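Notes follow the structure.
The values are calculated or read from the model by the stated rules, or taken from the named source; none is laboratory data. Just so you know, these numbers come straight off a predicted model, no measurement behind them. Glycine gets a Cβ as well: all are built from the backbone with ideal geometry, and neighbour counts include every protein chain shown.
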Amino acid sequence: MKTIALLPAGSVSDEAARHLFNHDGINWKYHRLISDVFLSTVNGVSDYSVIPIENTIEGSVSLHMDWLVHEVDLPIQAEWVYPSIQNLIGWRSSLLNEAGELDLSRVKKVISHPVALAQCLQFLRERMPGVETEHVSSTAEAVRIVSKDPDGCVAAIGTQTAAANHQLDVLASKITDHDNNYTRFLLVGSKPYEERKSELQKTSILITLPSDYPGALHQVLSAFAWRRINLSRIESRPTKKKLGNYYFFIDIMMSLDSVLLSSALQEIEAIGCHIRILGSYPSFTYEQLL
């Protein structure tokens, strides 16, 4: 039986993980903090960790990227995309006006994960102007907190699964600002993921440029370009060692086994760049896993 560490039951991470592992026989190990999710696998308590890494609206989740680079050495074994459908959740009975109608102006505070809140800013501005917001560690944790305060005028942004788990009401459904709100998840751990196959293979690398080599980034990109190797993402993050020093995350639409990619990486190393392989893995779209 595989053990998988992830954010709390009812979170988008929980729904997404069950989408990838759509069978019984999984031991789900829930954690409130993403640091505990990572450390569970580092310490051998779980086989894999499920990490939300990128969102259509908010882009990369910087905290999770930094953990992947600076704090742990867990290779990426798979990636998949899952829709992030957020809802306003709370105690309907506490928010009824004299006519017995739901009155969202009675909500004094909305709590959720900062990424989920950012996905719903337009709804909050239009339907709940001036409402106080508060960040917590996950959408599921937000729903749990609201469930413990049935007399308060506090609501959470989270999944319908979390609402059902805590016997709360969905006050407004599908409140994200954009319909195409998807989150990219990574499965990290030491064991290869072999349950499903995908024709789409990706490789993620981390490149550190030589400090005294003008035009090094241009040469890095040229090594991919003339070989017609497609890159799906390139992003810089500070090395945390010196002001102005950056890593470059690069996602490559090709397996590490490819001769073209292998030769490109050799060329990049030849100019003095340091390359760290974060993983070469199958990539799944939402439709592939239905």
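Any chance you could count how many residues in the range 91-114 are polar (S, T, N, Q) and assigned to a loop (DSSP other than H, G, I, E, B)?
Residues that pass the stated criteria total 1.
Which fully enclosed strands (runs of 3 or more DSSP E) of the range 171-290 have 1 or more residues being of a type in the set (D, E, K, R) and surrounded by 15 or more Cβ atoms within 10 Å (Cβ to Cβ)?
Working: elements: 182-188, 201-208, 231-238, 246-252, 274-284.
By residue number, 182-188, 201-208, 231-238, 246-252.
In the range 138-159, how many are surrounded by 18 or more Cβ atoms within 10 Å (Cβ to Cβ) and either of a type in the set (D, E) or over 13 Å from V107 (Cα atoms) (or both)? Explain how you work it out, then say what you get.
Here is the first cut: in the range 138-159, the residues surrounded by 18 or more Cβ atoms within 10 Å (Cβ to Cβ) are 138-144, 146-147, 154-159.
This time we only want the ones that are either of a type in the set (D, E) or over 13 Å from V107 (Cα atoms) (or both), so: 138-144, 147, 158-159.
Residues meeting the conditions: 10.
Given the conditions (1) surrounded by fewer than 18 Cβ atoms within 10 Å (Cβ to Cβ); (2) at pLDDT 95 or above; (3) of a type outside the set (D, E, K, R); (4) assigned to a loop (DSSP other than H, G, I, E, B), and given that L74 satisfies all but one, which numbered condition is not satisfied?
Looking at each condition in turn, L74 falls short on (1).
Pairs needed: first member in the range 238-264, among the small types (G, A, S); second member anywhere, in a helix (DSSP H, G or I); C-beta distance under 8 Å; at least 6 residues apart or different chains.
Hits for this filter: S255/L261; A264/A223; A264/F224.
Quick one: is S112 touching a Cys at 6+ places or on another chain (Cβ under 9 Å) and of a type outside the set (D, E, K, R)?
Values: touching a Cys at 6+ places or on another chain (Cβ under 9 Å): yes; of a type outside the set (D, E, K, R): yes.
Answer is yes for this residue.
Give me a count of the residues in the range 248-271 that are touching a Leu at 6+ places or on another chain (Cβ under 8 Å) and either closer than 14 Å to P210 by Cα or hydrophobic (A, V, I, L, M, F, W, C) (or both). Before the answer, list the steps.
Looking only at the range 248-271, we keep the residues that are touching a Leu at 6+ places or on another chain (Cβ under 8 Å), and these are 248-255, 262.
Next cut, either closer than 14 Å to P210 by Cα or hydrophobic (A, V, I, L, M, F, W, C) (or both) only: 248-250, 252-254.
Final tally of qualifying residues: 6.
Could you check, for the range 71-94, whether at least one of its residues is over 29 Å from E132 (Cα atoms), touching a helix residue (DSSP H, G or I) at 6+ places or on another chain (Cβ under 9 Å) and among the small types (G, A, S)? Write out each step before concluding.
Here is the first cut: in the range 71-94, the residues over 29 Å from E132 (Cα atoms) are 71-81.
Adding the requirement that they be touching a helix residue (DSSP H, G or I) at 6+ places or on another chain (Cβ under 9 Å) leaves 71-74, 76, 78, 80-81.
Restricting the remaining residues to those that are among the small types (G, A, S) gives 78.
The answer is yes; a qualifying residue exists.
Are any residues in the range 182-240 aromatic (F, W, Y), farther than 30 Å from I34 by Cα and at pLDDT 95 or above, and if so, which ones? Steps first, please.
Here is the first cut: in the range 182-240, the ones aromatic (F, W, Y) are 182, 185, 193, 213, 224, 226.
From what is left, the residues that are farther than 30 Å from I34 by Cα are 213, 224, 226.
Matches in the range 182-240: F224, W226.
Out of curiosity, is A116 small (G, A, S), at pLDDT below 95 and surrounded by fewer than 18 Cβ atoms within 10 Å (Cβ to Cβ)?
On the way: small (G, A, S): yes; at pLDDT below 95: yes; surrounded by fewer than 18 Cβ atoms within 10 Å (Cβ to Cβ): no.
In short, no.
In the range 119-137, how many are crowded, with 16+ Cβ neighbours inside 10 Å, outside any loop (DSSP other than H, G, I, E, B) and among the polar types (S, T, N, Q)?
The qualifying residues number 2.
Could you say which residue among S84, S105, S94, S40 is under 30 Å from E194 (Cα atoms), among the polar types (S, T, N, Q) and either touching a residue at least 40 places away in the same chain (Cβ under 8 Å) or surrounded by fewer than 17 Cβ atoms within 10 Å (Cβ to Cβ) (or both)?
Working: S105 fails: under 30 Å from E194 (Cα atoms); S94 fails: under 30 Å from E194 (Cα atoms); S40 fails: either touching a residue at least 40 places away in the same chain (Cβ under 8 Å) or surrounded by fewer than 17 Cβ atoms within 10 Å (Cβ to Cβ) (or both).
Unique residue meeting the criteria: S84.
Looking at (1) farther than 17 Å from G10 by Cβ; (2) of a type in the set (A, V, I, L, M, F, W, C); (3) surrounded by 21 or more Cβ atoms within 10 Å (Cβ to Cβ), find the lone condition where A99 falls short.
(3)
Any residue at all in the range 25-46 that's out of contact with any Gly (no Cβ under 6 Å at 6 or more places or on another chain) and within 18 Å of F284 (Cα to Cα)?
Going through the range 25-46, the residues out of contact with any Gly (no Cβ under 6 Å at 6 or more places or on another chain) turn out to be 25-40, 42-46.
Applying the additional criterion that residues be within 18 Å of F284 (Cα to Cα) yields none.
No - not one qualifying residue is present in the range 25-46.
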